[in-house]
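Everything below concerns the one structure shown next.
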């Protein structure tokens with residue numbers, strides 16, 4: 001099924017020529033269908049009966065639109081986070097088409113495990129996605145996937161407890177109800193530091209500039225977090241405790257993403273509210289929490305034998321019609337700009353919360369290799385504050401230690 005060296009076909013001109021050549025052969029023998037075998041990976045949720053077997057149905061719809069190919073689909077399970085590891089370790093034995101999270105892009109490009117989209121395909125992708133979404137899948141000027149959703153987190157809240165005005169500021173919320181936050185999760189905790197001017201790799205792409213989570217601006221945040229963790233109306237979310245609290249009424253707000261929408265809806269019913277990230281008060285000044293943001297995309301394996309059908313399928317899986325059914329069946333928030341103009345979708349509080357966060361209260365999560373050094377030091381800081389081993393007395397020392405570790409091999 002695999003051929004070495006097909007990565008050479010990925011240059012925009014050669015891929016376009018290959019596609020044109022395929023079209024000519026089809027015209028010469030229109031009565032002959034080419035047999036095509038495509039291995040497709042996606043998360044198990046996309047293939048379950050609960051989701052209406054979204055992947056299978058979408059692939060079958062694609063096949064129906066392409067009678068020139070007699071396609072056999074082979075389905076496999078790999079979520080967007082783990083796909084990169086599997087594909088990069090052995091591209092030749094991996095799926096032809098798969099879904100991946102953009103923060104794993106460097107892992108796969110280093111392994112030559114992702115197709116570059118060019119020509120008419122790149123034009124189509126660029127015409128239906130925002131610059132921010134496109135930037136999340138672009139490296140050294142090359143585009144490496146078909147985006148199908150933004151990937152970030154936002155806030156759920158009980159509308160019986162908080163008003164739309166309340167949820168604009170975290171400290172206001174803490175005066176009225178109990179707020180849960182994944183304090184020891186290093187995907188979430190940096191939002192406070194970034195909100196006060198800390199940065200990672202310049203604009204996120206300049207690895208040589210390193211991480212700036214030090215100095216007074218960072219120490220001020222550590223001091224704030226010490227007090228936040230001690231607030232009786234603040235709870236640390238772990239192992240589903242946030243949703244459990246919403247369900248039993250002990251918690252009135254939590255931070256998560258669209259993947260928890262169904263669970264939150266079951267817990268709060270018509271009282272479910274969703275909003276982008278709030279501000280917080282630091283030394284009398286209002287600071288904006290800033291999430292990491294990225295995207296999830298459909299990628300194509302350079303070792304694919306049937307390149308044209310694979311690229312066409314990737315485009316289809318990320319198309320407006322596929323995103324619409326993904327949203328209806330699984331609450332996967334669409335990012336297609338044309339789809340986002342539809343009134344029913346653009347007025348959905350979940351869509352508004354996720355995309356407002358992505359566009360206004362986030363930074364693009366860096367996918368430079370050195371980002372791997374940043375996760376453990378931040379996680380350790382959250383755990384140390386929770387365990388009260390980081391105090392106001394040693395906050396400066398501990399913050400500088402975190403910053404040093406983020407700029408080395410981590411702790």
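Data for the structure
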read-out: Elements of type strands (runs of 3 or more DSSP E) contained in the stretch 1-118, each with 2 or more residues being on the phi > 0 side of the Ramachandran plot and at pLDDT 95 or above; value: none
read-out: Filter result for the condition that a residue is assigned to a loop (DSSP other than H, G, I, E, B), under 21 Å from the mean Cα position of the chain (by Cα) and without any contact (Cβ under 8 Å) to a residue 24 or more places away in the chain, over 197, 202; value: 202
read-out: Selection status of residue 237, under 27 Å from the mean Cα position of the chain (by Cα) and over 17 Å from residue 404 (Cβ atoms); value: yes
read-out: In the stretch 162-194, the residues that are under 20 Å from residue 240 (Cβ atoms) and either assigned to a loop (DSSP other than H, G, I, E, B) or out of contact with any helix residue (DSSP H, G or I) (no Cβ under 7 Å at 6 or more places or on another chain) (or both); value: 177, 178, 181, 182, 183, 184, 185, 186, 187, 188, 189
read-out: Long-range neighbours under 7 Å by Cβ, at least six apart or interchain, first residue farther than 18 Å from residue 315 by Cβ within the stretch 50-77, second part of a helix (DSSP H, G or I); value: 51/45; 51/329; 51/330; 52/329; 75/55; 75/56; 77/44
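Quick grid of which residues meet (1) more than 18 Å from the chain's Cα centre (by Cα); (2) part of a helix (DSSP H, G or I); (3) at pLDDT 95 or above:
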site: 305; (1), (2), (3): yes, no, yes
site: 328; (1), (2), (3): yes, yes, no
site: 352; (1), (2), (3): no, yes, no
site: 372; (1), (2), (3): no, yes, no
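The values are calculated or read from the model by the stated rules, or taken from the named source; none is laboratory data. This structure is a prediction, so every number in the text was calculated from the model and none was measured. Glycine also receives a Cβ, built like all others from the backbone with ideal geometry; neighbour counts cover every protein chain displayed.
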